[in-house]
1. Can you sort Asp40, Asp34 so the residue with the fewest Cβ neighbours within 10 Å comes first?
2. Based on the Cβ-Cβ distance from Ala65 to Thr16, what FRET efficiency comes out when R0 is 22 Å, to the nearest 0.05?
3. For the chain, what's the radius of gyration and Dmax over Cα atoms, in angstrom?
4. Give me a comma-separated list of calculated 3J(HN,Hα) values for region 22-32, in order, Karplus coefficients 6.51, -1.76, 1.60 applied at θ = phi - 60°, integers in Hz, x for any Gly or Pro.
5. Rounded to the nearest 500, what is the 222 nm mean residue ellipticity of the chain from helices alone, with -39500 (n - 2.57) per DSSP H run of 4+ residues and division by all residues?
Amino acid sequence: MNILDLALSVAIVAVTLAVALCAWRLFRGPETTDRILALDTLSMNAVALIVLLGIRWQTALLFEAALLVAMLGFASTVALARYLSRGDVVE
């Protein structure tokens with residue numbers, strides 16, 4: 001086992017733990033702003049996990065999937081924040 005495999009294993013476990021904690025905060029609350037921040041952090045952690053798995057499995061397809069998840073996460077965070085601040089998403 002070389003150092004890259006060890007580092008990838010540790011990083012995958014750490015990011016998976018971060019995803020679990022963000023999911024817990026997403027369901028637990030207590031306020032809507034906490035849930036939106038947890039959703040944004042969850043999407044960033046999902047991108048990190050997909051990239052790490054792409055490196056581990058040596059496939060370029062997962063990097064494109066990570067890009068799509070990042071764009072959807074950004075758009076959903078902006079839409080939810082705008083909905084909370086104004087009451088509607090599109091004017």
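Laboratory data are not the source of any read-out in this text; all were calculated from the coordinates shown. Values in this document were obtained by computation on a predicted structure and should not be read as measured data. Glycine also receives a Cβ, built like all others from the backbone with ideal geometry; neighbour counts cover every protein chain displayed.
1. Values: Asp40 18, Asp34 13.
Listing Asp40, Asp34 from fewest to most nearby Cβ atoms yields Asp34, Asp40.
2. Working: r = 17 Å, r/R0 = 0.77.
Using R0 = 22 Å, I get an efficiency of 0.85.
3. Rg and Dmax of the chain, Cα atoms, are 15.7, 56 Å.
4. With coefficients 6.51, -1.76 and 1.60, one gets 5, 5, 4, 5, 5, 7, 7, x, x, 10, 5 Hz.
5. Numbers: 3 runs with 78 residues, N = 91.
Rounded to the nearest 500, the figure is -30500 deg cm²/dmol.
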